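The values are calculated or read from the model by the stated rules, or taken from the named source; none is laboratory data. Just so it is clear, the model here is predicted, and its values are computed rather than measured. Glycine gets a Cβ as well: all are built from the backbone with ideal geometry, and neighbour counts include every protein chain shown. Note: areas computed on protein heavy atoms with side chains; ligands, DNA, RNA excluded. Shrake-Rupley method; radii C 1.70, N 1.55, O 1.52, S 1.80 Å.
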Amino acid sequence: MRYRNSWEDAVVSKMKKVADNVMQIQITPVGSTEVFTVGSHLDISVLINDLPEIRSYSLVGRYSPNSPYTIAVKRLPASRGGSKYMWGLKEGSKLRISQPTNHFELSFNTPDYLLIAGGIGITPILGMAEELMAQNDKNVRMLYLGRSEKEMPYINLSKKLLGQNLIVHFSDVDGFFDTSKIIDLSNTETQIYLCGPIGLMNAIRKTWENSPFANQNLRYETFGASGLFAPQAFTVKIPRFNKELKVKENQTMLKALEEAQIAVMYDCKKGECGLCQVDILEVSGDVDHRDFFFSEAEKGENKKMCACVSRIANGDVVIDTAYRGT
Ligand code: FES
């Protein structure tokens, strides 16, 4: 139930560690590299438990003719398997990739920009910084947050590019980040472009929603949302089909439903489009909402969840997939 156009063969041309647990991977398509705008991503076909899956990775930097595509992948111990697969590649490995697609477009219609990257969230943000710094009429600041310098890819490049306009927050040294600083750094003309872990993004979204500034001036990209709880196995009951399934620790609810031949529509598999939402009829424990589709208020109601990314922690759930039949 997923549609993607235009896939092509490609080869891993170079792999290089760019921070602790972050691998930069350069990918050369068998055809030619397509022109892309900053904020674009590639879909890559990966094998997880020997089964094909699709993972999306932001393209790092700006388009350059005759250069390979560059992505960077953080090795995540709690990943669903995508980062493990990507780290297992070698120079010369073959891949299937999509053409670049952009759901995180940079707009040039304001004079003031605040770019915010948390850890591996730097990947789409770096190209935006390069693009904006190349314009002469934009005021650009970038806030880069991470645990420590050695865990932050492209930190030296960011320093060189932005100079005094780079604000760095090391949580190892500086502690918890106070999101009200975002408001201090903004004005009515500021557009924010944000990419980072879900906790940081939710906190910034909440602060921004309560600020005097326009909601549409905060734009963000997800990159495979991590949750508030470590992934755990849980049981999902679907009374409509008289079924009870176990969702494994390293499996999504969407995957478990598919394996049980319960059809659920989906597209992004990143918690963005909302197509895979299911109704929650009963829940014990915590709903670990990992999506960016529902508002914070809707998440608080626990009436729906996105099956592609959200999970249950410390309990089980009863759901309905509504009109979608087996
Ligand atoms: S498939 Fe898009 S939110 Fe789940």
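Data overview
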{"read-out": "Where residue 205 falls short, out of the listed (1) touching a residue at least 12 places away in the same chain (Cβ under 8 Å); (2) not in a helix (DSSP H, G or I); (3) not aliphatic (A, V, I, L, M)", "value": "(2)"}
{"read-out": "Evaluation of residue 104 against (1) crowded, with 21+ Cβ neighbours inside 10 Å; (2) not in a loop (DSSP other than H, G, I, E, B) (one fails), failing number", "value": "(2)"}
{"read-out": "Strands (runs of 3 or more DSSP E) contained in the range 1-98 and holding at least 2 residues at pLDDT 95 or above and farther than 26 Å from residue 266 by Cβ", "value": "7-19, 22-29"}
{"read-out": "Scan of the range 71-106 for residues that are in contact with a Gly (Cβ under 6 Å, 6 or more places away or on another chain) and polar (S, T, N, Q), ordered by number", "value": "102"}
{"read-out": "Test for residue 199: is it open to solvent by 20 Å² or more (accessible area, probe 1.4 Å) and on the phi < 0 side of the Ramachandran plot", "value": "yes"}
{"read-out": "Wholly enclosed strands (runs of 3 or more DSSP E) of the range 224-326 bearing at least 1 residues within 17 Å of the chain's Cα centre (by Cα) and within 15 Å of the ligand (Cβ to nearest atom)", "value": "286-288, 304-306, 311-313"}
{"read-out": "Failed condition for residue 204, given (1) under 25 Å from residue 76 (Cα atoms); (2) of a type in the set (A, V, I, L, M, F, W, C); (3) within 23 Å of the chain's Cα centre (by Cα); (4) open to solvent by 40 Å² or more (accessible area, probe 1.4 Å)", "value": "(4)"}
{"read-out": "From 84, 90, residue being of a type outside the set (A, V, I, L, M, F, W, C) and without any contact (Cβ under 8 Å) to a residue 40 or more places away in the chain", "value": "84"}
{"read-out": "Every pair of residues 6+ apart whose Cβ atoms lie under 8 Å, when the first sits in the range 247-276 and is assigned by TED's automatic domain parsing to the domain that holds residue 292 and at pLDDT below 90 while the second is outside any loop (DSSP other than H, G, I, E, B) and within 9 Å of the ligand (Cβ to nearest atom)", "value": "269/254; 271/306"}
{"read-out": "Qualifying residue in the range 209-219 (condition: under 17 Å from the mean Cα position of the chain (by Cα), open to solvent by less than 40 Å² (accessible area, probe 1.4 Å) and charged (D, E, K, R))", "value": "no"}
